[in-house]
Amino acid sequence: MTIAHDEPSRVQGAYDFLLAEITSFRLRTGAPLSENRIATQLGISRTPVREALQRLEKEGLVKRTDNARFAVSQLTAQEANDACDLLVVLDTYIAKRAADRLQPEQASSLRESIEAMRSAARNDDSSAWSEADLAFHRLLNSIAGNALVADAVKETRRRVQRFWLHSPSLQSRLIVCSDEHVVLAEAIINKDYDSIEPAVHEHIEHMRERILDLLASAAMFFGD
């Protein structure tokens, strides 16, 4: 893979590559990240790779090791709880603001994203489900129109969802999660503000339970 020649594009290209490798679990938790190896793989110098890693470090997906090198971060139970608490607040804000600003054609697009989620869940296609979920949240963020909150939501969700999407019995959870998105979408479309926060809370709490169960299982298997 070759990154474009200007420096910002090289950094963005390295960032996008590493983000995809981490969130798809091709790079596992704790995996060392060699700047030289990544630079050679991408056909670029170490500088944009280092900048991309520093950006991922700020987002919590990469950490410094004892020898000052980089590795894929391990999510802790405290970090998972903190992230889920924040998502409840931010997602509720986004949903209510989107309900205020929603146009009829956007309601149709929301329903199309939900149907794509449900179809992917029925087919046990986690990649297609992730794309549909991303499209749904991108649309909500666009309708809400607050870029700062949208960025915070995106970074926070990345920290936890990469674990949730790769935990056991995924198909049943995708079906339940899709149904939860239906409830939220209909509350937004109908401007049912009293139902929005409970819908967000139920969805995030289910995510929290599954992630904490997964982290507890990993701690039993691998040790703290």
Q.
Residue under question is Leu87, and the condition is that it be in contact (Cβ under 8 Å) with a residue 12 or more places away in the chain, crowded, with 18+ Cβ neighbours inside 10 Å and under 28 Å from His201 (Cα atoms); does it hold?
A. yes
Q) Only one residue in Ala152, Ala135, Ala120 is part of a helix (DSSP H, G or I), crowded, with 18+ Cβ neighbours inside 10 Å and not assigned by TED's automatic domain parsing to the domain that holds Val62. Which one? A) Ala120
Q: Quickly run through region 86-138 and pick out the residues that are touching a Ser or Thr at 6+ places or on another chain (Cβ under 6 Å) and either at pLDDT below 90 or hydrophobic (A, V, I, L, M, F, W, C) (or both).
A: Leu86, Leu87, Met117, Ala121, Ala132, Ala135, Phe136
Q) Looking at region 188-201, is at least one residue among the small types (Gly, Ala, Ser), modelled with pLDDT under 95 and either under 18 Å from the mean Cα position of the chain (by Cα) or surrounded by 15 or more Cβ atoms within 10 Å (Cβ to Cβ) (or both)? A) no
Q. What are the residues in region 101-126 that are free of Cβ contacts under 8 Å to residues at least 60 places away in the same chain and closer than 14 Å to Lys191 by Cα, if any?
A. Arg101, Gln103, Pro104, Gln106
Q. Could you say whether any residue in region 29-42 is part of a loop (DSSP other than H, G, I, E, B), at pLDDT below 95 and closer than 25 Å to Glu205 by Cα?
A. yes
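State whether the residues of region 32-39 include one that is among the basic types (Lys, Arg) and in contact with a helix residue (DSSP H, G or I) (Cβ under 9 Å, 6 or more places away or on another chain).
no
The values are calculated or read from the model by the stated rules, or taken from the named source; none is laboratory data. Given the structure is predicted, the values throughout are model-derived calculations rather than measurements. Note: ideal-geometry Cβ built from the backbone for every residue, glycine included; neighbour counts use all protein chains shown.
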